[in-house]
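To keep things clear, I will list the structure first and then write my remarks on it.
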Amino acid sequence: MAAQRELYDAIVIGAGIQGCFTAYHLAKHSKKVLLLEQFFLPHSRGSSHGQSRIIRRAYPEDFYTQMMAECYSMWAQLEHEAGTQLYRQTGLLLLGMKENPELKIIQATLSRQGVEHQCLSSEELKQRFPNIRLARGEVGLLEVSGGVLYADKALRALQDAIRQLGGIVHDGEKVVEIKPGLPVTVKTTSRSYQAKSLIITAGPWTNRLLRPLGAELPLQTLRINVCYWQEKVPGSYSVSQAFPCFMGLGLSLAPHHIYGLPSREYPGLMKVCYHHGNNADPEERDCPAAFSDIQDVHILSGFVRDHLPDLQPEPAVMEHCMYTNTPDGHFVLDRHPKYDNIVIGAGFSGHGFKLSPVVGKILYELSMKLTPSYDLTPFRISRFPSLRKAHL
C-alpha cells in the first residue's frame, strides 16, 4: 500500500517577492506551507531580482497609499527579524509640469492621507538638487519617506525566515499539473504534493497554470530594459550625496513614467529606466532587442541628456526584467472563479514589490478563508467584463 501523502495547509507556486511574503505570512501563523519555484534560487528570470526597488506612498489612488502605511511597518519588522538593512530613506522626487493632473492628484492623496511631503518650485528644486536640469514650468513634489528597498536582500531574508518558521522551500521544481479538488494536487517535475489550498503567484507564467483550470486573465508580459548610466563625476548622483529617487510624470517625449534611483549598486552608475517595455514570452526573454527596445533607450537618452547633465547620455549597463501588466495597472488578488481553495495573486504591473508585505497578507487571508484586511474591489477578477470566465 502506498504511504500516506503529506497534506500541506497551503502550497504557494512562485518564489518571487509576492509568493515569498505569502508563504512568510502562512508560516508565521503556524501553517504547514510549501513554496515551489521552477528555477533554482536566486534567479533573474522574473520580476523580483536585482538589487533595488523604489518604495513610496505617492500614488494617485488612496487605497495604495493606505496599504503602504502597513507595508512600511512590515518592511521594518522584516529588517528587525533579519538583522539586515532592507530600506534606505532617500526621499522620492516627482517631477512634472505645474499643471500636470497626475501630479496634482498625487499631492491631494498625500495631503488627504497625512503623508509628509513638500511642494518645490523650480527655484527651490534648483537650490536643493543643482544637478537636475529642469524644463521651463517643471516643479517637484518630494515625498519624504520615499526611498530604496534592497530587493535581493529582501528575498533572501524572506526565504530564510520561511525556513526558520518551519516552511519548506523547493526550488528547481516546475509545476506540470494542478488537479483541483479538496485537497488540491500539485504535480511537479519531481513529485506530487497535496494541500488544502493553493496560491498561484507565478508572474508571467500565471496564465500557463490557469488555462488548464478554465480561466485566463488579461495579462500582458513585457520585457523591460533596466539601464544604468555612468556618472561623469563618480558619486554626484549617489545616496551619500542625498540624491533622491525620482519619477518623471507626463514628460513630452515619454508616454510612460521615467524613474531613477541614486547610484549605489554599481559604483558610479545610476539606474534610470522607462516604466514600460515590449511584449515578450517569459521563456524567451533573452531574445535579441526589438526595434521598440531601441526606442525606449532613445527616450531615456533624451531624458538623461536634458535632465541629468552629469550622466553620460548612453547606458553603460543594460539588464532585463519582466512586468506582468493588467489593462488598468491594478493587481489581481482573488479566488479562482470556480475553485474557491485556489487563490491568485497576479498582474503586479511593475509596481508590486513595495506592496508585497500587504499583498502576501491578503493572499494568506484569502487562502485561509479569513476576512480580508482591505477592500478588494479594485483587485477582483470580475472587473474584467470581457474575461473568458471559468467553465462554471
Next on the checklist: Checking the condition assigned by the TED database to the domain that holds TYR72, crowded, with 21+ Cβ neighbours inside 10 Å and over 18 Å from THR324 (Cβ atoms), which residue from LEU165, LEU158, LEU209 passes?
Outcome noted: LEU158
Checklist entry - What residue, among those in region 139-181 that are touching a residue at least 12 places away in the same chain (Cβ under 8 Å) and among the basic types (Lys, Arg), is nearest to VAL343 (Cα to Cα)? => result LYS174
Next on the checklist: Can you go through ASP328, ASP375, ASP334, ASP340 and tell me which one is at pLDDT 95 or above, within 22 Å of GLU70 (Cβ to Cβ) and exposed (fewer than 15 other Cβ atoms within 10 Å of the Cβ)?
Outcome noted: ASP375
Checklist entry - Tell me, which strands (runs of 3 or more DSSP E) wholly within region 69-151 include 2 or more residues that are closer than 30 Å to ALA161 by Cα and in contact with a Phe, Trp or Tyr (Cβ under 9 Å, 6 or more places away or on another chain)? => result 87-89, 147-150
Checklist entry - Among (1) at pLDDT below 95; (2) hydrophobic (A, V, I, L, M, F, W, C); (3) assigned by the TED database to the domain that holds GLY360, where does VAL226 come up short? => result (3)
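The values are calculated or read from the model by the stated rules, or taken from the named source; none is laboratory data. Keep in mind it's a predicted model, so treat the numbers as computed, not measured. Virtual Cβ from ideal backbone geometry, glycine too; neighbours counted across all protein chains shown.
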